[in-house]
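Quick notes on the structure that follows.
Read-outs throughout are calculated quantities, based only on the coordinates presented, and are distinct from any laboratory measurement. Quantities reported herein were computed from a predicted structural model and do not represent experimental measurements. Every residue, glycine as well, gets a Cβ built from its backbone with ideal geometry; the counts of neighbours run over all protein chains shown.
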Amino acid sequence: MDHSHHMEMSYTDPNSTMPPSHHHPTTSASHSHGGGDSNMMMMMMPMTFYFGFENVQLLFSGLVINTAGEMAGAFVAVFLLAMFYEGLKIARESLLRKSQVSIRYNSMPVPGPNGTILMETHKTVGQQMLSFPHLLQTVLHIIQVVISYFLMLIFMTYNGYLCIAVAAGAGTGYFLFSWKKAVVVDITEHCH
Amino acid sequence: MAMHFIFSDTAVLLFDFWSVHSPAGMALSVLVVLLLAVLYEGIKVGKAKLLHQVLVNLPTSISQQAIAETDGESAGSDSSPVSRTHHRWYLCHFGQSLIHVIQVVIGYFIMLAVMSYNTWIFLGVVLGSAVGYYLAYPLLSMA
């Protein structure tokens, strides 16, 4: 299963109350984050990593982090979101494997070598389109795509604390959920 | 910030100290990003191979422990090799989780580099992914 993140660049302005005139690239609006160089073009969005907790926009227009306590809460929330994303990936894999246990056998007559008729059996492993497991997989897929884009947007804030939260949450989630998956695959499957 | 791909020799990538001014610097940055993409593809394949190796080497001991448990025997003398195997399994899995974190971080770094909207960097990432896939994926089917 391909575990690569979606690398699509869907730029959405996190602060929807920003008037469009601020998108002009030669604006000199200063961002109060550290690491801003004294170029002519000051970016509205930080384009380099920084560590800070003043006036950090997080995904939605109402979510602004201003204090260290709020940053700690955001760290925990992002950590849990990344962990949940890894768990969702593993859960979808195991659900898919479980629902594909039902194998359909399909026999059809085939002309044989001496003019006899042989029965050829086709084995199809899959899901019907309107079956419940497939609908569940689709819903979980949508949730997974949305959460992966949220994590990408969080990483795009370039805030060092939040980026570390994403990475640590992904690692912890992988550690907790993939361990369980590997052990189950070990004992219950006879041939890999 | 320009919202379209541009050809340019100036860019600031990821960190404050990584600011590119000249064609030579841009060429070097494209090379670094290319190698990063090759490394990303390589780590993907490496993780899958590592998992496969671990699963092939360890199932016999874990199934032995499962058999011992179902037989109801108190694993007195058998417990030490089994616990060592479990210890090895935890170490292997912890190492894999670290590799997973590195993979996630490199993936996000590549995404942020592409976000600079510099066409050279983007082409470097695409070429690096192609080269990395070309070099690494045949190793996946080898046992």
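Within a 10 angstrom radius of the beta carbon, how do A:Val110, B:Val131, B:Val33 rank from fewest other beta carbons to most?
Ordered from fewest to most neighbouring Cβ atoms within 10 Å, A:Val110, B:Val131, B:Val33 come out as A:Val110, B:Val131, B:Val33.
Hey, can you grab everything whose amide H is under 5 Å from the amide H of A:Tyr50? Only 5+ residues off in sequence or another chain; H modelled, so Pro and N-termini drop out.
Counting only residues 5 or more places away or on other chains, the set is A:Gly160.
Count, for each residue of B:90-100, the Cβ atoms from other chains sitting within 10 Å of its Cβ, then give me the mean as a whole number.
4
Give the distance, in whole Å, between the Cα centre of segment B:85-120 and the Cα centre of segment A:47-98.
17
What are the ³J(HN,Hα) values, in whole Hz, obtained from phi via the Karplus relation 6.51 cos²θ - 1.76 cosθ + 1.60 with θ = phi - 60°, for each residue of segment B:106-115 in sequence order, with x given for Gly and Pro?
5, x, 5, 4, 5, 4, 5, 5, 5, 5
List the residues whose amide H sits under 5 Å from the amide H of A:Leu63, counting only those 5 or more places along or on another chain, with H placed 1.01 Å from N in the peptide plane.
Residues meeting the amide H criterion: A:Leu58.
Per-residue HN-Hα couplings for segment A:65-71, Karplus 6.51 cos²θ - 1.76 cosθ + 1.60 at θ = phi - 60°, whole Hz, x for Gly and Pro?
9, 10, 10, 5, x, 5, 5
Specify the inter-centroid distance of segment B:1-35 and segment A:115-180, based on alpha-carbon positions, in whole Å.
So the separation of the two Cα centres works out to 33 Å.
Amide H of B:Trp18: which non-local residues (sequence gap of 5 or more, or other chain) have their own amide H closer than 5 Å, using H built in the peptide plane?
Amide H neighbours of B:Trp18: B:Leu13.
Go through A:128-135, A:161-168 and give me the packing order, highest mean Cβ count within 10 Å leading.
Ranking the peptides A:128-135, A:161-168 by packing returns A:161-168, A:128-135.
Partner chain Cβ atoms within 10 Å, averaged over the residues of B:105-113 - can you pull that number for me?
Other-chain Cβ atoms within 10 Å of each residue's Cβ, averaged: 5.
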